[in-house]
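See structure below.
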Amino acid sequence: MKWEEYREKLLGDPDVKAEYDHLASEYELARSIIAQRLRQKMTQSELAKKIGTQQPSIARLESPHYGKASIAMLEKVAQALNARLVIKLEPIVATTKEHLI
């Protein structure tokens with residue numbers, strides 16, 4: 001079974017889907033930081049030095065389970081990575097017909 005098929009099977013369970021959706025923003029943030037850092041060909045230690053912190057702080061930010069990043073810290077990281085921090089709220093799009101208005 002391919003990963004995509006297995007993932008869809010898992011997400012068919014409402015409890016798994018709810019937890020997946022709950023953690024999605026944290027995973028996206030972690031992936032984004034890692035991707036930007038790698039584009040800049042920077043190690044965690046180099047990024048940490050650039051923003052005045054230690055490597056374990058960057059490792060925590062890149063962990064999708066950390067969930068305690070401050071906006072001020074994310075701004076420093078964005079600036080060091082020559083990136084723009086975008087924070088926004090988006091409406092939840094209903095996936096069933098009875099919820100569509």
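Total residues in the range 66-76 satisfying the condition of being part of a loop (DSSP other than H, G, I, E, B) and touching a helix residue (DSSP H, G or I) at 6+ places or on another chain (Cβ under 7 Å): the figure is 3.
Within the range 54-75, residues that are farther than 9 Å from residue 44 by Cα have Cβ atoms under 8 Å from residues that are small (Gly, Ala, Ser) and assigned to a loop (DSSP other than H, G, I, E, B) in these pairs: 61/69, counting only partners at least 6 apart in sequence or on another chain. For the range 70-85, a residue qualifies if it is among the small types (Gly, Ala, Ser) and surrounded by 13 or more Cβ atoms within 10 Å (Cβ to Cβ), and the qualifying residues are 78, 80, 83.
Does residue 90 qualify as being in a helix (DSSP H, G or I) and at pLDDT below 95? Against the criterion (in a helix (DSSP H, G or I) and at pLDDT below 95), residue 90 does not qualify.
When the range 61-82 is limited to residues that are under 15 Å from the mean Cα position of the chain (by Cα) and aliphatic (A, V, I, L, M), the one that is modelled with the lowest pLDDT turns out to be 69. Across the range 15-34, which residue is modelled with the lowest pLDDT among those that are under 16 Å from residue 77 (Cβ atoms) and surrounded by 14 or more Cβ atoms within 10 Å (Cβ to Cβ)? Residue satisfying both the conditions and the ranking: 26.
Taken over the range 35-54, the residue count meeting the criterion of being assigned to a helix (DSSP H, G or I) and surrounded by fewer than 14 Cβ atoms within 10 Å (Cβ to Cβ) is 4.
The values are calculated or read from the model by the stated rules, or taken from the named source; none is laboratory data. Not measured: the values here are computed from a predicted model. Note that we place each Cβ from the backbone using ideal geometry, even for glycine, and neighbour counts take in every protein chain shown.
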